[in-house]
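*Asks:* My questions will all concern the structure given below.
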Amino acid sequence: MGFFEKLKNKVTQQTDTVTEKFKEGLTKTRDSFAEQMNELFAQYRTVDEEFFEELEEILIGADAGVSTVMELIDELKEEARRRNIKDSKNIAPVITEKLAEKLDKTGDDASLNMQGDEMTVILFVGVNGVGKTTTIGKMAHSFKEEGKKVVMAAGDTFRAGAIEQLDVWGERVGVDVVKQQAGSDPAAVMYDAIQSARSKNADVLLCDTAGRLQNKVNLMKELEKVKRVISREIPSAPHEVLLVLDATTGQNAMSQAKTFQEATDVSGIALTKLDGTAKGGIVLAIRNELDIPVKLVGLGEKMDDMQPFDAEQFVYGLFRELVEEQAEESS
């Protein structure tokens, strides 16, 4: 059984809803990518140096990151030589196979670190405007749908309107929000939130944080203080520090990730607005160059469009037509 056939079988065994969400959410990237790949295969019938140079440009243009792309191209050249692949169409399964490998690194767990015996505390970090509050609201909805009791902490006391924004989400989802006045100490908000969540026997506490203070040093010190207070109250917490990034900002998201990675122990990425970009290769760049797992992806505007990241679904979403066409041929 070839790689395309295996990929199709694995993905179709999962729920149709998830497959459709990835398919719809990746429409812009897939249309752009598929068009360029089809042109590539039409222009270059033979796998040669010019073919690889053109493929390199396509991948870099999709925001996959220069160092990641160079590494991928080297691996593809080696595979083409080893398997004696001459026809460009025959390299397509190898490209998808290598992309899936890079997105789904062996031993990595892209699932959230949920606690079975105590309350799970998830800290959300990231700059303003990336969709942090919306992500928290959607996650609250998702956990509530699973039957979990959820509390949200309005820890972004710096930005005007941030507390109200989370409050609106709380009312919309039907989840309690612990808050103080604008300008309050965020660490004090976290302390109150933990006590409140405990008294309510909550399963999950979702914590918002500021995305901007006067400067980067102040922001990172504030985040460190917030983490310290949480850890003092619950030694194993926070159980996840999720960095929220906007997929449409491309390489700027990479520089944000590096900044936050230096200051906080980021355990995963929540990538928003993936449906709004034709450059979904940013997922590959983040995954490969920062060595942080992408745990959540925003695939649309609906309440349930923030989905757990799935490497196979992502690759299938990008190469759907090609996968199905080749799987049919080999069956």
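*Asks:* Which percent of the Cα-Cα distances in the range 120-312 go past 20 Å?
*Replies:* 51 percent
*Asks:* Moving on to the next point. Which angle between 0 and 90 degrees, to the nearest 10, do you get for helix 132-145 versus the longest principal axis of the chain when only C-alpha atoms count?
*Replies:* Approximately 90 degrees, to the nearest 10.
*Asks:* Calculated FRET efficiency, Asn128 and Glu301, Cβ-Cβ r, R0 22 Å, to nearest 0.05?
*Replies:* It comes out at approximately 0.70.
*Asks:* Give the angle, between 0 and 90 degrees and rounded to the nearest 10, that separates the Cα long axis of helix 66-83 from the longest principal axis of the Cα atoms of the chain.
*Replies:* It works out to around 40 degrees.
*Asks:* Now for a separate question. Could you list Thr209, Thr68 in order of exposure, starting from the residue whose Cβ has the fewest other Cβ atoms within 10 Å?
*Replies:* Thr68, Thr209
*Asks:* Separate question: Which distance in nm do the two modelled labels at Lys89 and Glu146 give, with both placed 7 Å along the Cα-to-Cβ direction?
*Replies:* Those two pseudo-labels are separated by 4.4 nm.
*Asks:* Can you tally the net charge around Arg198? Count Lys and Arg as +1, Asp and Glu as -1, for every other residue whose Cβ sits under 13 Å from the Cβ of Arg198.
*Replies:* Summing Lys and Arg as +1 and Asp and Glu as -1 gives -3.
*Asks:* Taking 22 Å as the cut-off for C-alpha to C-alpha distance, list the pairs among Lys200/Lys273; Lys225/Lys273; Lys132/Lys302; Lys21/Lys258 that go past it.
*Replies:* Pairs exceeding the cut-off: Lys200/Lys273; Lys225/Lys273; Lys21/Lys258.
*Asks:* Express as a percent, rounded to the nearest 5, the fraction of DSSP beta bridges in the chain (both residues included) that run antiparallel.
*Replies:* If we restrict to bridges inside the chain, about 15 percent are antiparallel.
*Asks:* Another one. Considering only the range 120-312, what is the antiparallel percent among its DSSP beta bridges, to the nearest 5?
*Replies:* Around 10 percent antiparallel, to the nearest 5.
*Asks:* In nm, give the distance between the simple-model label positions of Lys28 and Glu224, each being 7 Å from the Cα along the Cα-to-Cβ direction.
*Replies:* 3.7 nm
*Asks:* Most exposed first by the Cβ proxy, i.e. fewest other Cβ within 10 Å, how do Glu233, Glu49 rank?
*Replies:* Listing Glu233, Glu49 from fewest to most nearby Cβ atoms yields Glu49, Glu233.
*Asks:* Further question on the same structure: Going by amide H atoms built from the backbone, whose H comes under 5 Å of the H on Asp176, apart from near neighbours?
*Replies:* Met152
*Asks:* Could I ask something else about it? Hey, how many Å between the Cα centroid of the range 38-54 and the Cα centroid of the range 58-90?
*Replies:* 11 Å
*Asks:* Could you calculate the FRET efficiency of Asp192 with Asn252 from 1/(1 + (r/R0)^6), where r is the beta carbon distance between them and R0 is 51 Å, rounded to 0.05?
*Replies:* Efficiency, from the Cβ-Cβ distance: 0.90.
*Asks:* Helix 311-330 sits at what angle to the longest principal axis of the chain, using alpha carbons and giving 0 to 90 degrees rounded to 10?
*Replies:* Between the helix axis and the principal axis of the chain, the angle is about 30 degrees.
*Asks:* Please enumerate, by chain and number, the aspartates and glutamates with C-alpha under 20 Å from the C-alpha of Lys179, excluding those fewer than 8 residues away in the same chain.
*Replies:* In chain and number order, the partners are Asp156, Glu164, Asp167, Glu171, Asp192, Asp203, Asp208, Glu222, Glu224, Glu233.
*Asks:* Set the Förster distance to 25 Å, then compute FRET efficiency between Ala182 and Arg232 from the Cβ-Cβ distance, nearest 0.05.
*Replies:* 0.50
*Asks:* To the nearest 20 debye, what is the magnitude of the charge dipole of the chain about its Cα centre, counting +1 on the Cβ of each Lys and Arg and -1 on the Cβ of each Asp and Glu?
*Replies:* In total the dipole reaches around 1120 debye.
*Asks:* How would Leu59, Leu99, Leu243 line up from fewest to most surrounding beta-carbon atoms within 10 angstrom?
*Replies:* Leu99, Leu59, Leu243
*Asks:* When the Karplus curve 6.51 cos²θ - 1.76 cosθ + 1.60 is applied with θ = phi - 60°, which whole-Hz ³J(HN,Hα) does each residue of the range 240-249 get, with x for Gly and Pro?
*Replies:* 9, 10, 9, 8, 8, 10, 8, 4, 6, 8
Read-outs: derived from the displayed coordinates by stated rules, not from any lab. Here the structure is a predicted model, which is why all the values come from computation and not from measurement. Ideal geometry is used to build each Cβ from the backbone, glycine not excepted, and the neighbour counts take in all protein chains shown.
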